[in-house]
Amino acid sequence: MSKRFLNPTEDPLWLRLLLGAVAVGFIAVLLLLPLALVFKEAFANGVSAFWTAIVEPDALAAVKLSLIAAAIAVPFNTVFGIAAAWAVAKYDFPGKTVLVTLIDLPFSVSPVVAGLIYVLVFGMQGWFGPWLIDHDIHILFAVPGIVLATIFVTFPFVARELIPLMVDQGRDEEEAAATLGATGLQTFLRVTLPNIKWGLLYGILLCNARALGEFGAVSVVSGHIRGVTNTMPLHVQLLYDNYDYAGAFAVAALLAMLALLTLVLKSLLEWRYADELAASHRH
Amino acid sequence: MSLTVDSVTKKFARFPALNGASFVAPQGSFVSLLGPSGSGKTTLLRILGGLEFADSGSVRFADLNWLDMPARTRNAGFVFQQYALFKHMTVADNIAFGLRVRPRGRRPSKADIARRVKELLALVQLPGLDDRYPSQLSGGQRQRVALARALAIEPRMLLLDEPFGALDAKVRKELRADLRRIHDHAGVTTVFVTHDQEEAFAVADLVAVMKDGRIEQYGTPADVRKNPRTPFVSEFLSA
């Protein structure tokens, strides 16, 4: 038997096992275990108790508000993200780096600060506060404020996903489409969009997950009016603070399920279109 | 129906790319723009294709004020060095693209498009590859598809930007001969950018030797080779 040499990029078995164990261990302790506990607590008193906690009017109102906020924030940030990525990737203009930096701002600013910004702008003592009161327009401690805060914190997701992708793809295919007689809209729909659809989908899913789960910024502008301005994460905290652990964990489990659904959806699409996905990565 | 390029200039942010380039190409001729990197040949070609805009000067093609038209309406087939095929489309869909995006009144029927795709695949010698994706083709095959795609729109001008630059010597020679055959068959005015003088002389009717955004010498391959007009041209040709 000839001596077996290690592949140059292959590490010894013990090292691979060790690294694998560390990775799996971290995921198990930090991610899977807490998730499992949420579900265990949620169903501790049986499925019917879980169900009762979910269909309770305040909980339902919170679910509805979260879905409304996401349903407005996600399309808004999708359109904005595509527009911003398109501008950055396909054109040269002064102030481009400033724009890219600004898009990142919501990632670097604490969500609480983001919420406070809206209080400063729209609050009683804020810039537009008195004017808004005079015209009976409610932004703060009302649904518009929550939607605005959600839009702010989820602003960069789609744009951030698309900019590197579109910069990498360059302008060649768009230029080719133009010389072949395509209009701007035809070029976008037939060439640009198919090339970015996976990145776009991923950005939308991440944006949606964050929109549903946002706590900090929404907490500042919400005013925590039970059944009116509480989103799901805020409702979880409210229940928890009132020692309603069963209710808190039930809503938390529902929130976690929505997030898991997002991941399942993504995996399903990746599996269904695996060939196309592989083809689009090769050049 | 000749192409007249008159003192075209173009300045990029820091350096001038074209300093008044002029030449006249008769209808149906095959012109090579030949020169070292940075001589402005690609910029001039992109201006002809509507992908770049001239600062001054004029271009007339037939009786058209060429520079006033957007790329979309020039009907000039453009072949890129890096192919620029649509990655997510099959070969057949790539070739059919220019026909499918036409306004309804001028769009051929499905059957006509399919027939045209077959003809073009035969013309560029890739029969039967209709359903392949660009990623499944060799470099030479991709450039043949790009050529077929540019010819599908029945262009009134064919513009090629170092189309064989990324290919090996043997494939280059084959494609060069095929390009000339296709040009003669279609009779379309062709402008071909290259930095390879052997290629330029082998394929073109007229050669424009470029340097620093100007055309140093313009004439038939035999004439340019026999009577280089400036020291730069003779030096470039002997390199």
- prompt: Measuring from the lowest to the highest alpha carbon on each principal axis, how far does region A:182-224 reach, largest first, in angstroms?
  reply: 52, 18, 9
Local electrostatic count, B:L44, Cβ distance below 14 Å [Lys/Arg +1, Asp/Glu -1]: -1
message: Report the B-A buried area as the accessible area lost on both sides summed, probe 1.4 Å, in Å² to the nearest 100.
response: 2100 Å²
task: Please report, as a whole percent, how much of the solvent-accessible surface of the protein assembly as shown comes from carbon and sulfur atoms (probe radius 1.4 Å).
output: 63 percent
- request: Shielding by partners for B:86-98, please: the mean number of other protein chain Cβ atoms within 10 Å of each residue's Cβ.
  value: 4
message: Under a crude label model (7 Å from the Cα following the beta-carbon direction), how far is A:A28 from B:R14 in nanometres?
response: 5.7 nm
- request: For n ≥ 4 DSSP H runs only, could you compute -39500 (n - 2.57) per run for chain B, divide by its residues and tell me the 222 nm figure to the nearest 500?
  value: -11000 deg cm²/dmol
task: Averaging over all projection directions, find the projected area of the Cα convex hull of region B:71-223 and quote it in nm² with one decimal place.
output: 9.8 nm²
query: Which residues of region A:177-216 show a drop of at least 20 Å² in accessible area when all protein chains are present, compared with their chain alone (probe radius 1.4 Å, heavy atoms only, ligands and nucleic acids excluded)?
result: A:A178, A:T179, A:L180, A:G181, A:A182, A:T183, A:Q186, A:R190, A:V191, A:P194, A:N195
task: Starting from one equal scatterer on each C-alpha and no solvent at all, send me the Debye-based log10 I(q)/I(0) for region B:143-239 at q = 0.10 Å⁻¹, two decimals.
output: -0.29
message: Explain nothing, just the number: relative contact order of region B:103-239, from Cα pairs under 8 Å at least 6 residues apart, as a whole percent.
response: 15 percent
- prompt: So how far apart, in nm, are the two label points at A:H135 and B:R102 if each is 7 Å from Cα heading toward Cβ?
  reply: 5.2 nm
task: Could you grab the Rg to Rh ratio for region A:2-42? Cα atoms only, Kirkwood for Rh.
output: 1.35
message: Quick check on my link table: of A:K90/B:K10; A:K96/B:K10; A:K197/B:K41; A:K90/B:K87; A:K266/B:K87, which ones sit more than 25 Å apart, alpha carbon to alpha carbon?
response: A:K197/B:K41
field: region A:1-117: equivalent-ellipsoid semi-axes (sqrt of 5 x gyration tensor eigenvalues, Cα, Å)
entry: 40, 36, 13
task: First select every other residue whose beta carbon is under 13 angstrom from the beta carbon of A:G170; then total the charges, Lys and Arg +1, Asp and Glu -1.
output: -3
- line: A correct Karplus calculation of ³J(HN,Hα) over region A:19-35, with 6.51 cos²θ - 1.76 cosθ + 1.60, θ = phi - 60°, whole Hz and x for Gly and Pro, returns 4, x, 5, 4, 4, 4, x, 4, 4, 4, 6, 8, 10, 6, 4, x, 4
task: Any chance you could tell me what percent of the C-alpha pair distances in region A:61-126 go past 13 Å?
output: 75 percent
- request: Quickly estimate the mean residue ellipticity at 222 nm for chain A, helices only: each DSSP H run with n ≥ 4 gives -39500 (n - 2.57), and the total goes over all residues, rounded to 500.
  value: -23500 deg cm²/dmol
message: Given an 8 Å cut-off on Cα distances and at least 6 residues of separation, report the relative contact order of region A:132-283 as a percent.
response: 28 percent
- request: Using 0.36 nm per residue of separation minus the Cα-Cα distance, give me the extension gain between B:S2 and B:Q27 in nm, one decimal.
  value: 8.6 nm
- line: the protein assembly as shown: spread of alpha-carbon positions along the three principal axes, whole Å, largest first, is 97, 84, 49
message: Let me test this: with uniform point scatterers at the alpha carbons of region B:1-158, what is the Debye-based log₁₀ I(q)/I(0) at q = 0.09, 0.11, 0.18 1/Å?
response: -0.35, -0.51, -1.12
query: Counting only heavy atoms of protein chains, what accessible area per residue, in Å², does the protein assembly as shown have with a probe of 1.4 Å?
result: 51 Å²
statement: Stokes-Einstein, Kirkwood over Cα pairs, chain A, 37 °C, 0.692 mPa s; D in µm²/s equals 148 µm²/s
Length-normalised contact order of chain A in % [C-alpha pairs under 8 Å, at least 6 apart]: 29 percent
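The values are calculated or read from the model by the stated rules, or taken from the named source; none is laboratory data. Not measured: the values here are computed from a predicted model. Note that each Cβ is placed from the backbone with ideal geometry, even for glycine, and that neighbours are counted across all protein chains shown. We work out accessible area using only protein heavy atoms, side chains counted, and drop any ligands, DNA or RNA first. Shrake-Rupley method; radii C 1.70, N 1.55, O 1.52, S 1.80 Å.
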